[in-house]
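Data first, discussion second: the structure below is written as C-alpha cells.
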Amino acid sequence: MSNAIVCQNCGTKLRAGRDRCPRCRAFIKAADPARDAAESQKLAKIAGIVFGSFVLILAGLWMWRILGTSAAPVRAVAAPTTAAPKPQAPAEASQQTAPPQQLGRDRPFLDAAGKGAAAYESGDYPAALAQYQAAIEKNPQDADSLSNLGQVLVKMNRPADAIPYLERAASLSPSEWTYQFNLARALGLASRLDESIQGYRRAQQLFPDDYVTTFNLALSLHKKGDEAAAVEQYQKAINLQPDDASFRKALGISFERLQKPTEAAAAYQEYLRLSPAAPDADKVRARIAELTGAPPAASTPPSDSGRD
C-alpha cells in the first residue's frame, strides 16, 4: 500500500487521503511534517537542558566536596571561656581561667579579639595584650575584650592594672557571672580583700551552684581572718563538690584557728580519706594525732600487687 498511513486510534493501515478509519470510524488527522519536526526539535532541546542541568549539579557537588572544607568561613573565637575552673590548693586565693581556643595568629581573617585569643593560648601575653587593646580602641564597649585584657594583665602579674578593665566589663554587663568572678579574683590578688569578698558574693548570687566561686570566697574570708564565715562557705563548697580533698584541708585549718580541735581533726581525716596518697599525708596524720591526743596512724605502704 503506497503512501499508507496508520490510524492513530486503532493502528489500522489505510490509504492516504482518507478522512475516517474504516475500522473504528475515527477521524484521520492529516500529517504535518513541519509541525512534527518542530515538536521533535523542541523535545530534543528540553532533554538537552535537563541533561545539562544534571551535569552541572554533579559538578557542583564534586567541587563542594573537594573545596567546601577549605572555603568554609572560620569564626573568630572569644577568650577565655566562662566554664568554672578547678580551684588550686587552699593556700592560694586564686585560680586559672580556661584558655581560649587556639587559632593561628597568621590567619588574616581573625580580628583583633581573635588574634588576642590565639596569642593568649600560645602563651604570648604581650601580643595578646596588644591585640585586646586594639580591639578596645575599635570598640570601647566590648566587654569581652575588656575582661580578657584584664585576665592577660593578671597572667602578667599585674592585677592592679587589670582591675580598671575588669571593672568596666562588669559595669557593662553586671549580670554576667564571668566578669564579676574575674574582677573579684584580681581584687584579691591586689590585696583588696574587702572588695574581693564583695565581688565573690556578687558572683555567688549570679551562680549559686558554682563551687569554685564559693571556695574562693571562703579563702578570701580566711585570708581576712573571718574564720567563722570562711567555715560556712567551705561547708557550702563541700556540699557542692564533696570529692575535692583540698576543701576538707582548708576547712580543718579554719577550725584550728577557731580553737575547735575535734572538728579540725575530723576535717583532716576526711582529707586523708579522699587523698590517702597526698604528699603531705604523713604531716596531716601527725597533726591529727596532736589534735586528738592519739598516736599517729601508720601510713599505708604501697601495694606489691601486680609485681613479678
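Values for this structure:
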| item | result |
| --- | --- |
| Selected residue (criterion: farthest from the chain's Cα centre (by Cα)) from residues of segment 270-283 that are farther than 14 Å from residue 242 by Cα and not charged (D, E, K, R) | 281 |
| Residue in segment 238-269 that is surrounded by the most Cβ atoms within 10 Å (Cβ to Cβ), counting only those that are closer than 13 Å to residue 227 by Cα and among the basic types (Lys, Arg) | 260 |
| Residues of segment 202-223 that turn out to be surrounded by fewer than 16 Cβ atoms within 10 Å (Cβ to Cβ) and of a type outside the set (S, T, N, Q), as a count | 2 |
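Let's see how each residue does on (1) over 30 Å from residue 137 (Cα atoms); (2) touching a residue at least 12 places away in the same chain (Cβ under 8 Å):
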{"site": "177", "(1), (2)": "no, yes"}
{"site": "215", "(1), (2)": "yes, yes"}
{"site": "230", "(1), (2)": "yes, yes"}
{"site": "241", "(1), (2)": "yes, yes"}
{"site": "257", "(1), (2)": "yes, yes"}
{"site": "260", "(1), (2)": "yes, no"}
{"site": "264", "(1), (2)": "yes, yes"}
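Here, each number is a calculation from the coordinates, and none is a lab measurement. Source: prediction; values computed, not measured. Positions of Cβ are generated from backbone atoms using ideal geometry, with glycine treated the same way; all protein chains shown enter the neighbour counts.
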